[in-house]
Amino acid sequence: MDLWKAIYQKPDGTWSVQNGEKILNNLHTVAETEQEKIASAPVPLVEHFALVLGRKSNHSRGVGVAAVNHGAQERHRLHAQAEAARQHADDAQEHAAALQGEILRLTEANNQLRDELQSQREELTSQRRTVEEQSLDMERLVDQKLEERMRAYFARMTNSACVIPSSTSTCAADNQVR
C-alpha cells in the first residue's frame, strides 16, 4: 500500500489517478482478506503486487519497461528449472542411497547364504566320509562273516568225509593231526 501511495499520490496529497483513494482502500481490503494467502505463498512479495495490480503485456508492476518484465520472467523460469534440477538431483541421491542400502542388504544375504552353503558342504563331506568308513567296516564284517562261514562249511565237509565207513579210522587220525 505504501508503494501505491508513493507512486500515485502527489506531494500535496492529491492523487495522480482519478480514483486513487478508492483503489488504495481496495488494496487494504484485499490485503486484509488475503493476508494468510500472501504470507504462505512461495512467491516473492513483488509477485503479490502483480496479483493486486494486475498484469499488462510488456509491463512489470505498472512500469512500462519490457526488459524488466522479460528479465523477471526469465529469472523466474531459470529459478524454476534450477529448483526442478535440484529436486531431481535430491530424488536421484535418495534413490541411489536406497539402492545402495538394498545392495548392502543383498550382499549380506548372499554372504550368509554362501556361509550356509559352505557349512552344508562341510557337513555333506563329513557324512560322506562317515558313510565310506561305515561301508569299509561293513565290507570287512561281510568278509569276516563269509570267511567264518567258509571255515564252518569246510569243517563240515571235512567231518562229512570222515563219516564214510571205510575211512573212519583215517579221519580220526587226520583230525587229531590237524
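The values are calculated or read from the model by the stated rules, or taken from the named source; none is laboratory data. Values in this document were obtained by computation on a predicted structure and should not be read as measured data. Here Cβ is always computed from backbone atoms with ideal geometry, including for glycine, and neighbour counts include all displayed protein chains. Accessible surface areas use protein heavy atoms only, side chains included; no ligands, DNA or RNA. Shrake-Rupley method; radii C 1.70, N 1.55, O 1.52, S 1.80 Å.
Details
- Label-to-label distance, Q18 versus K5, with points set 7 angstrom from Cα along the beta-carbon direction: 2.5 nm.
- For the stretch 1-40, with all protein chains in place and a probe radius of 1.4 Å, 50% of the accessible heavy-atom surface sits on carbon or sulfur.
- Near W15, the amide H atoms lying under 5 Å from its own belong to K10; only residues 5 or more places off or on other chains count, and H is placed 1.01 Å from N.
- Extension gain (nm, one decimal) between R75 and A155, 0.36 nm per residue minus Cα-Cα: 17.1 nm
- Here the Karplus relation 6.51 cos²θ - 1.76 cosθ + 1.60, evaluated at θ = phi - 60°, turns the backbone of the stretch 125-141 into coupling constants of 4, 5, 5, 5, 4, 4, 5, 5, 4, 5, 5, 5, 4, 5, 5, 4, 5 Hz, with x for every Gly and Pro.
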